[in-house]
1. Mind listing just one residue for me: the one in region 4-38 that is modelled with pLDDT of 95 or more and charged (D, E, K, R) and, of those, surrounded by the most Cβ atoms within 10 Å (Cβ to Cβ)?
2. Before we move on, is A27 within 17 Å of A116 (Cα to Cα) and of a type outside the set (K, R)?
3. Scan region 160-181 for residues that are out of contact with any helix residue (DSSP H, G or I) (no Cβ under 6 Å at 6 or more places or on another chain) and either surrounded by 23 or more Cβ atoms within 10 Å (Cβ to Cβ) or of a type in the set (V, I, T) (or both) and jot them down.
4. Since T137 meets every condition but one in (1) crowded, with 16+ Cβ neighbours inside 10 Å; (2) under 17 Å from M17 (Cβ atoms), which condition does it not meet?
5. Counting just the residues of region 122-134 that are free of Cβ contacts under 8 Å to residues at least 60 places away in the same chain and either small (G, A, S) or touching a Lys or Arg at 6+ places or on another chain (Cβ under 9 Å) (or both), which one comes out nearest to A20 (Cα to Cα)?
6. List the number of the failed condition for E233; all other conditions in (1) surrounded by 13 or more Cβ atoms within 10 Å (Cβ to Cβ); (2) modelled with pLDDT under 95 hold.
7. Given the options A262, A250, name the one that is of a type outside the set (K, R), in a helix (DSSP H, G or I) and buried (at least 19 other Cβ atoms within 10 Å of the Cβ).
8. Got at least one residue in region 5-21 being in contact (Cβ under 8 Å) with a residue 24 or more places away in the chain, within 14 Å of T68 (Cα to Cα) and polar (S, T, N, Q)?
Amino acid sequence: MTATSMPTLGFVGLGHMGGAMAGRLLACGYRVHGTSRTRSRANHLISAGLRWHDTPREVAEAADVLFTSLPDDETLNVIATAPDGVLAGLAAGTTWVEMSTVSPHTSRNVAVLVNARSSTMLDAPVSGSVPQARDGTLTIMVGGDKEGYARVEPILRDLGTPARIGTNGQGLALKLAINISVAVQMIAFAEGLLLADRSGVDDELALKLMAESTIGSPLLKARAPFVLHLPDEAWFDLRLMYKDLELALAAARELDVPLPTADRADEVVLAAHWLGFERRDLAAVFEVLDHMTPRPPARHGATPAARRTA
């Protein structure tokens, strides 16, 4: 794709993931227009060439292909339907690539409104976090019509590895399926580490060997450095994890699908909210379990966990 043939892109939602993806597209040579709730968080993108607009409507009007990366269903509905929202500025023939993790039902409803304007909406949630977004190595699951997917596939390949899953909403269904495993893996890893810790095993050594063992999936290896040393700024916080689990459980209820491990993970992540960890990175599930577990009296000095929190 030459510079003259590259479509003009719009990006609404420039938080951790949206900002990283928009930055990647700018680095690939695209002209990108964008907006977000807080302009100051986009200053580095503006310096890199992003054309800032004050409303989603203005971004949609400027774009051949529009991307959105939003936190939840409510925000998607508002961004879509507000007087200065996307639908007010969406021209016929525009393709809207909606990359948020939201309810498949909500996404399909918005897609109907987009289709009524002779435009196309694809749900395209991603698997991966900020480093993968910056490097262009995300896994992208797309739901929507074949023609719309074909138009944007070259752009999506600059962000990672895309695959069309099926019709509208099915990309999101697969993303929710993946995020069940994300939550369960992290909680199981934290449980095992806590057991080793309370048994007197050095927690740093236990974490290292667990991550290098047969259970060390790419997810766990990427998050392991954060488990005992939480980052100040979350890649993916427990509030969003709870939202995704609730979406998965709601979809499962509609389909009469049992999700026993997702149910238990949901309880743990809800406990994170009550303990004040909801804005911390997913790796904080270890601290959540640590706070939920009574400490036995130390017979030979403090346990590793006690020393860590002293």
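The values are calculated or read from the model by the stated rules, or taken from the named source; none is laboratory data. Nothing here was measured: the structure is a model prediction, and the numbers come from that model. Please note: Cβ atoms are built from the backbone with ideal geometry, for glycine as well, and neighbour counts cover all protein chains shown.
1. Checked region 4-38; the qualifying residue surrounded by the most Cβ atoms within 10 Å (Cβ to Cβ) is R24.
2. no
3. T161, T167, G171, K175, I178
4. With (1) crowded, with 16+ Cβ neighbours inside 10 Å; (2) under 17 Å from M17 (Cβ atoms) applied to T137, the lone miss is (1).
5. Residue satisfying both the conditions and the ranking: G128.
6. (1)
7. A262
8. So in region 5-21, the residues in contact (Cβ under 8 Å) with a residue 24 or more places away in the chain come out as 6-21.
Remaining after also requiring within 14 Å of T68 (Cα to Cα): 9-21.
Next, from what is left, pick out any that are polar (S, T, N, Q): none.
Scanning region 5-21 turns up no residue that is in contact (Cβ under 8 Å) with a residue 24 or more places away in the chain, within 14 Å of T68 (Cα to Cα) and polar (S, T, N, Q).
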